[in-house]
Every structure is written in structure tokens, then in C-alpha cells.
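The values are calculated or read from the model by the stated rules, or taken from the named source; none is laboratory data. Not measured: the values here are computed from a predicted model. No Cβ is skipped: glycine too gets one built from the backbone with ideal geometry, and neighbour counts run over all protein chains shown.
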Amino acid sequence: MKNLKPKRQGWIWLTVLLLVFILISLYVSSQRPKQYPNFVADSPSPTGVKAFYTYLKKEVRVNSWTADPLKLPKQGEEKLLVMVEPFFTPETEDMDAYKDFMKAGNTILLFQTNPKGMFDLDTVPELPSPNHEVKWYRENQGTYKAEMNSFIRLVTNKDDAILLGDAGGGAIALKRPVGKGQLIVAITPEWLTNDNLLKNDNLTLVLNLFNETKTGTVFFDEYLHGSQNGSSIMTVYPMWFLLLILQGILLMMLWLWFKGKRFGPLLVSREESVRFSDEGIRAITAWYLRGRRYHDSLLIQADYLKLLLQEHWRIPYRVEWRELSSFLERQHSGMQANEIRPFLIGLTNILEKEKVSKQEFLLWSRSLEQLRKEVEEG
């Protein structure tokens, strides 16, 4: 009986500590500033678009759209749906609903850094203009100052009207008819953020794009930001209840541990695996970046890709990059037939250069990584 008293005292102190932890967690959670995702209409953070959203509210009817695209109103006056950097590519059913919305006579204005995969759009890689100048091709033509983060340009067809272009003639924004409506695309979502809206000529260019629509009702699409009807476990249940559940789970785990239960697999000793773990890869990567050895890194990536081409697609390793055009066309890679040869010539030239800039390194690393995924996934 004497041994029971210390055990009871231990459980009492453990319960007290858990209660103190709950109270501290409640206080900290109530004092913590609210976190907002990027490009959300009600976000006042530098990466949100609340400033422009509030401005539009003074001029036209503006609302957030969080419901399924199948419920978009298609009848009545023309409407405008604004998509700012969607967090994911919609499923086929949702994409068809967006297209039906436009075919009924409405407009979608899409701001996305790389809209490839959205509405049958295609893009090509291209370095941004160093002088940050863009040209407006519609009414009130002129040259404007605007910084861009995107390393791609839009591929146009015969029905498209180019709205914005860079100094090299690459399409930054275009307008495409869809049924009775239209699709307007721009690769510059950063222009709408609270932090950048008033920089350079960003606001003027954004307003020019909105003036191409001429609609009275505007919806900001929050469905593609993960706001499906705004329901989640964090909004359905109060914070104190979630914390209580969490503490209950922790208490149950402690009780099971106290009873002698053990969880998880046997772990391999760290010294047996550290030489071949991600730590070594991170160290090598940091060394290349600090030393600005961009060219060496591209050579290694290209050589590894050659090995994968031989392993998965039976393309001989000894074949030079310039001579791989016919092989890649037969394998039906993700690139179009007219894109393969310029890609291989550009890759050969960049590998033969003595020095590579950081921008060139990032551009070609993305291209090699994309081709690597296509080869491995088959």
C-alpha cells in the first residue's frame, strides 16, 4: 500500500501540468496573429489582394466565390470571374463548368505565373526582360514599367489577341474568345498583391486588363484557393474543443507508455545511414550554391538525365544532346515536336558555356527536372 501513494502523486502532478499546458495553449492561440494564404481576396498581408478587392467594391458589385463552379450563375447580365494564382488545377468536371460559364457569355480573368494546363493554355520558357518594360497593344497603346516573376511566356493561336508583351515580343497577357464569352490570361499575379499594387505601373496595367471585360458583376474565385464552402475541421469545431481532444490523445499515449506499450519500428543507428542520407545531398547542394558552381550542377543534372534516358527509353548514352530529337519524338515526351529541337540546341549551348548565370541555372534546372519526371514516370 505504501507504493501506491507516490504513483498517485505522480498522476496528480501530471494532470496539473496538462491543465497548465492547456491554459497556456489557449492564451497563446488567442494572441497569435491570423495567418493568411497568398493571393486571397480578404488577406491584408503583403501577399494578399485585399487592397484591390476593396477598391473594386467601390466601383462595381464584387463578391468572393467559394462554391463549386457548377453553381456559377450563367444567365442574366455578363459576369466576370477573377482567378488569382490558383492553388491547384481543377478536375475535368470543374474545368468543363468554367468553360460552360464562359460559353454562356461571361468572362474569366486568370492571373497565374504559369497557366499551362488551365483552359488548354500552353507556355514556353523565356527569361524576363532586364529593363522590366512591357507594351500594351490595345487602345491607348504605350510602354509601361512593371517587374515580372514568371520565366515563361504564353503561346498564342490565330484567335487570340495579345494584350501585353515584353521587349522581345513574348506574350504576357492575351484574350481568347470562348463561345459567347472570353478568357483573359496574364502571367503576373504579383501585380495585384497589396505589396506591389502601387509599384511601377502595376495598377494601370491591372485596370487595363479589367477594362477589357466590361462587366458589372465581379466574383473573386476562392474555390481554387481551397475555400470550398469555407468548411473545415478548424472552422466547424471551436479551438478549445480541438485542444481538449489533442490533450486527450496525449494523455492516452502517456497512459499506454506508462503501461509498457511501445510504438513504431526499430530504428537504424544514425551512423549506419548518415553517409547516404539527405544530409549529404543538402551539403553538396549548399556547396554548389555558395560557390556559384551553376555550370557544374547543370552538367551533373544533364549527365544523370542521360543515364535515365538509357535506362528507361533505351536511348544510347553516347548520343549527343543535339542528335536526340528523333529519339524524343518517338517517345512522345511532354514537349511538342517543334519544341524538342530548340530545347536540345539551347541545352547544348548552355552546357558548352564556361559560366552560367543564376537565372539561366534556374530556368534550365526546371526544364531538366520536368523531362526527368517524364522519363521516370514513363
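A compact table of results
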| quantity | calculated |
| --- | --- |
| Filter result for the condition that a residue is touching a strand residue (DSSP E or B) at 6+ places or on another chain (Cβ under 6 Å) and under 29 Å from residue 340 (Cα atoms), over 170, 181 | 170 |
| Answer residue from segment 338-356, given it is in a loop (DSSP other than H, G, I, E, B) and touching a residue at least 60 places away in the same chain (Cβ under 8 Å) and is surrounded by the fewest Cβ atoms within 10 Å (Cβ to Cβ) among those | 355 |
| Lone unmet requirement of (1) touching a helix residue (DSSP H, G or I) at 6+ places or on another chain (Cβ under 7 Å); (2) surrounded by 14 or more Cβ atoms within 10 Å (Cβ to Cβ); (3) over 23 Å from residue 116 (Cα atoms) for residue 329 | (3) |
| Any hit, segment 324-337, residues being out of contact with any Ser or Thr (no Cβ under 8 Å at 6 or more places or on another chain), among the hydroxyl-bearing types (Ser, Thr, Tyr) and without any contact (Cβ under 8 Å) to a residue 24 or more places away in the chain | yes |
| Complete set of residues in segment 357-378 that are in contact (Cβ under 8 Å) with a residue 60 or more places away in the chain and more than 21 Å from residue 114 (Cα to Cα) | 357, 375, 376, 378 |
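Conditions (1) within 30 Å of residue 111 (Cα to Cα); (2) surrounded by 10 or more Cβ atoms within 10 Å (Cβ to Cβ); (3) modelled with pLDDT of 70 or more, marked per residue:
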| position | (1), (2), (3) |
| --- | --- |
| 7 | no, yes, no |
| 11 | no, yes, no |
| 29 | no, yes, no |
| 35 | yes, no, yes |
| 43 | yes, yes, yes |
| 51 | yes, yes, yes |
| 55 | yes, yes, yes |
| 58 | yes, no, yes |
| 62 | yes, yes, yes |
